[in-house]
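Working notes for the structure below.
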Amino acid sequence: MADVTATVVPEAPPGPWREFWISFSANKGAVAGLAVVVTLLLVALLAPWLAPHLPDQTNSAAFLKPPSWQAGGSAEYLLGTDAIGRDILSRLIHGARLSLSIGLAVVLISVAAGIALGLVAGFARGVTEIAIMRIMDIILTLPSLLLAIVIVAILGPGLMNAMLAVAVVVLPHYVRITRAAVIAEVSKDYVTAARISGAGTLRLMFSEVLPNCAAPLIVQASLGVSTAILDAAALGFLGLGAQPPSPEWGTMLADAREFVLRAWWVVTFPGLAILLAVLAFNLMGDGLRDALDPKLKR
């Protein structure tokens, strides 16, 4: 009787997205950060429907009302009200939309400018590279918040000027990362083959080299959102960013400074919102670094 041997079919290797998720999900902190970021984004998108009140709606009978679980609180204002009777929960929900928009806009501006300058510096070399990198070094030597304050003081206080100031402050990081990645890639065989086949400089920059520089830029961008939110909140706290009555978290902290001792909730909840958002983006950035850097994959 002939023996029947079963053939074992080797398991197919995981695809790139599955491999990325396996590496990313190994970091539990990164998964928690991603969950918080997704929640914040949903809250920001659905703010008009989630907020129980309008962010600027005042109630003269509810000045500095404590949270609902504290004596004197009301279920109508779960997290209490501020000095002019505005619902803190509603302002935090709408503030998530504003603060996250600031962070994402700053990162988009700085990433676009940083990639352009980094590609030019990496390909041009010589005097052009030296000029670009020395300007970036000068920006890096200055304290980031002080530089942002100087820029806003020159341009004038306001949300758009604060965003531009923060984008300038974080710009050198993207320029340096792009330039370093370009220098590492241009000496590889695939770039040489593309150049021999007649590819122009722009095609080499954007079609050949840039896709292979994306991983460190994605990691830096995820970390940069938290930096942008923190710097924008600092400018708002100093009165140089979003102006009242905008429900920006830093501006909410500035409005509540004089009530710290007798109304703890007007300061605590905006501060916790900033802490939660910054921590979530930092944890997610750490997970992206572990997943996208071959040297750090577990």
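Values in this text are rule-based calculations from the coordinates and carry no lab data. These figures come from a predicted structure and were not determined experimentally. Cβ sites come from the backbone with ideal geometry, for glycine too, and all protein chains shown count toward neighbours.
Projected label points at Val260 and Ala116, each 7 Å from Cα along the beta carbon direction, are separated by 4.2 nanometres. Value of Rg to Rh for the range 100-149, rounded to two decimals, is 1.06; Kirkwood radius and Rg both from alpha-carbon coordinates. In the elastic network of the chain, a GNM with C-alpha springs shorter than 10 Å, the most mobile of Ser25, Ser99, Ser60 is Ser60. With all projection directions averaged, the alpha carbon convex hull of the chain covers 25.3 nm².
The order of Met163, Met284, Met136, going from fewest to most other C-beta atoms within 10 Å of their C-beta, is Met136, Met163, Met284. Net charge dipole, the chain: roughly 360 debye, given to the nearest 20, about the Cα centre with Cβ charges of +1 for Lys and Arg and -1 for Asp and Glu.
Show me the chymotrypsin sites (Phe, Trp or Tyr not before Pro) within the range 171-241 that DSSP assigns to loop and that have at most 15 other Cβ atoms within 10 Å of their Cβ. Don't jump to the answer; show the numbers that get you there.
Numbers: sites: Tyr174, Tyr190, Phe206, Phe237; in loops: none.
Listed in order of number, the matching sites amount to none.
Couplings for the range 232-239, taken from phi via the Karplus curve 6.51 cos²θ - 1.76 cosθ + 1.60 with θ = phi - 60°, read 5, 5, 5, 5, x, 5, 7, x Hz in order; Gly and Pro are left as x.
For the range 25-292, averaging the sequence separation of C-alpha pairs within contact (under 8 Å, six or more residues apart) and dividing by the residue count gives a relative contact order of 26 percent. Projecting the Cα positions of Leu42, Ile102, Gly72 onto the charge dipole of the chain (unit charges on Cβ atoms of Lys, Arg, Asp and Glu, taken about the Cα centre) puts Ile102 furthest along the positive direction. Axis of helix 28-45 versus longest Cα principal axis of the chain: the two differ by about 60°, to the nearest ten degrees. Each of Asp189, Asp231, Asp137, Asp82 was scored by other Cβ atoms within 10 Å of its Cβ. Listed from fewest to most, they are Asp189, Asp137, Asp82, Asp231.
Computed over the chain with a Gaussian network model linking Cα atoms closer than 10 Å, the most mobile of Gln220, Gln70, Gln243 is Gln70. Note: the range 5-156, Cα convex hull, 263 Å³ per residue. Here the Karplus relation 6.51 cos²θ - 1.76 cosθ + 1.60, evaluated at θ = phi - 60°, turns the backbone of the range 268-283 into coupling constants of 5, 5, x, x, 5, 4, 5, 4, 5, 5, 5, 5, 4, 5, 5, 5 Hz, with x for every Gly and Pro.
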